[in-house]
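The values are calculated or read from the model by the stated rules, or taken from the named source; none is laboratory data. None of the values given here were measured: they were computed from a predicted structure. Every residue, glycine among them, receives a Cβ derived from its backbone with ideal geometry; neighbour counts consider all protein chains shown.
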Amino acid sequence: MTVPFVAFALLLVFLLAASLFLSASAASIAGSIRYAGPIVLGMLGLVLMLAGRAAIGGMLISAAVAWFGSGRFRRTQAPAPGQRSTVGTAALEMELDHDSGTLDGMVIAGRFEGRPLNQMSLEELLDLRMELAADNESLQLLETYLDGKFPVWREGLHADDRDRQGGTPASSSMTKEEAYKILGLEAGAAATEIRKAHRRLMQRLHPDAGGSSFLAARINEARDILLSDHD
């Protein structure tokens, strides 16, 4: 009786799964695929327990629970797609995409006020750079953007201009609100979230990995400011 019972139970499980699959929307199916393995394994364990194979069935159910739990843990640890950080200066408002590491933004003061950087020509951006010569933070942020957008833009600079590149940003009074924006976090984030965001950004932007010394310094400053409340 055991073998026919198991076969009948498996058939019922298959028919139920097929019915749910056919009646579900494409979005629901896509969201449920990740659960298919643990569910099938757990159902098989339940069938075996009902069939009198309690030991094997219990092992399969335990394995299914562990499988499901590990999948949820991995999804919890993964960074949310599309996350962005905001870096602002007196003349520029920039956004950093965490997924791609690209920087973009807008001019918020001066002759080019209101112009998105991605709609400005290289000649206009170099004119903006000259206009920002007295604003060290805005200047370094713009040069970081230029490095990513036009990698060879420095080749036309005079020697004295090149000698000024690569310095660390001047000290500034970064607020906690700015620090949260730079790390792409909500206000009140826990210390573990602050460290994770800092580590994730530094993996992309550390100078040793070809990143920007200016942004790396700002990210470090943001981390230090926010972690000071957790000491």
* So L142, is it modelled with pLDDT of 90 or more and within 18 Å of D97 (Cβ to Cβ) -> yes
* Residue in the range 202-209 that is among the aliphatic types (A, V, I, L, M) and surrounded by 14 or more Cβ atoms within 10 Å (Cβ to Cβ) present -> yes
* Among the residues listed as L96, L48, the single one being modelled with pLDDT under 90, surrounded by 13 or more Cβ atoms within 10 Å (Cβ to Cβ) and outside the structural domain of E186 (by TED's automatic domain parsing) -> L48
* Asked: In the range 173-194, which residues are part of a helix (DSSP H, G or I) and either surrounded by fewer than 16 Cβ atoms within 10 Å (Cβ to Cβ) or not assigned by TED's automatic domain parsing to the domain that holds I219 (or both)?
  -> K176, E177, A191, T192, E193
* Quick one: which residue in A170, A134 is part of a loop (DSSP other than H, G, I, E, B), in the same structural domain as L215 (by TED's automatic domain parsing) and modelled with pLDDT under 90? => A170
* Hey, could you check the range 173-202 for residues that are farther than 15 Å from T86 by Cβ and of a type in the set (S, T, N, Q) and say which is modelled with the lowest pLDDT? => S173
